[in-house]
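Data block below; observations after.
The values are calculated or read from the model by the stated rules, or taken from the named source; none is laboratory data. The shown structure was predicted, so the numbers you read here are calculated from the model rather than taken from an experiment. Note that each Cβ is placed from the backbone with ideal geometry, even for glycine, and that neighbours are counted across all protein chains shown.
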Amino acid sequence: MTTRSRVNHTSQRTRIHRNQQKTRDKHNGLNLLAEPDPATIKILASSLLSWYKDNHRDLPWRRNRKAYSIWISEVMLQQTTVAAVIPYYEKFMACFPSVKDLAQAQLDEVYEQWAGLGYYSRARNLHKSAQILAKKGFPKMAADLQELPGFGPYTSRAVSSIAFDEPVGVLDGNVIRVLCRVLGWSVAWWKTAERACLQKAADQLAQQGPSHLLNQGLMELGATVCTPASPNCLLCPWSARCEARKQDQITGLPLKKPRKSLEVWVWTPQILMKNSKVALVKNDYAPFLKGQMIFPGSVQKQSKRPKTYDLKHGITHHDIYIQVQKPLQFRDSHKKTRDKFKDKGYQWVQLQGLKKINPSNVLQKILQHFLA
Ligand code: SF4
């Protein structure tokens, strides 16, 4: 880069920074951003549409625009890559080809098809929502979809725009990255006000219609061209208008979200056996595996790792140190244990069936530790 172009880049960067600062000051310190101008949005939308028509991948959930297929694929894609999702998606759809099939299935069958994807609360919510949707049909608007279990703003907007062409934008990690770069927005996108500005920009784009193509185009651009570490700007339909590229700021955008600090928890589960069955309770005492059936017990938050523990397991930002008590045999005839454990809302589960009730492997790890 020549000295002159370096000077130009620096003054351009300073100008953009000053404009962003002015907007912040105008809004009492809130980091709000000026809307992109309509002419720019129009040009971005039209180049994105032509690019998507020629460059999109042939993916199983793109072969029709059924709300059910889009919903299932979007939920699966929240946790892993397209390549990893395809076999899970095909297996799941072969087992539950319609929302009615999913609604009529037992929850443990759904868990079985979901196994390997993690985040079992998502499978549970799919099952709950399917039961509502099978009776009432799919609402066509994101605002109505969002009332259903497990439908957040992203999934609702993806389904309503791709299946029904509602002109609303989608905002996930890929889209945030592309928008921050193309608009040159150096903002804390994880905060509510800044996120609302990004959502508005995505909405403006989708309103240029057809939103099912524009939203998929934006997702596709983020997944295949404007990737986190090595964007291929030469293949990008937006390269001539991209502010991050003009300012040589690509690797710095989007800003990095500060990491949630790890929490240390000591979990003392009690393994209570009755013949070949083990007791589970609905988890209302631990901040991890929330709402799931787990062993009864207690948890304690600590400032550092304990000196002694039997097992360690990590779930999201929870570092769990497990101290397992010796398994107890529950006997109805034994007055002392009967009085101690009666009326605790236990569900007695066959050891072999435990994985169907709670597929998280931490329960298996605990059992194996003592029963192997
Ligand atoms: S030009 Fe490069 S950085 Fe800008 S949007 Fe396209 S791929 Fe991303």
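Here is how the numbers come out for the structure above:
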{"item": "Tally, over the range 160-174, of residues that are within 16 Å of the chain's Cα centre (by Cα) and either buried (at least 24 other Cβ atoms within 10 Å of the Cβ) or assigned to a loop (DSSP other than H, G, I, E, B) (or both)", "result": "3"}
{"item": "Meets criteria (hydrophobic (A, V, I, L, M, F, W, C), within 12 Å of the ligand (Cβ to nearest atom), assigned by TED's automatic domain parsing to the domain that holds SER50 and farther than 30 Å from GLN325 by Cβ) for LEU213", "result": "no"}
{"item": "Among residues of the range 236-250, those that are more than 20 Å from SER186 (Cβ to Cβ) and more than 8 Å from the ligand (Cβ to nearest atom), counted", "result": "1"}
{"item": "Single residue of the range 225-235 satisfying the filter (touching a residue at least 40 places away in the same chain (Cβ under 8 Å) and within 6 Å of the ligand (Cβ to nearest atom)) that is surrounded by the most Cβ atoms within 10 Å (Cβ to Cβ)", "result": "CYS226"}
{"item": "Condition met for ASP310 (within 30 Å of TYR111 (Cα to Cα) and without any contact (Cβ under 8 Å) to a residue 40 or more places away in the chain)", "result": "no"}
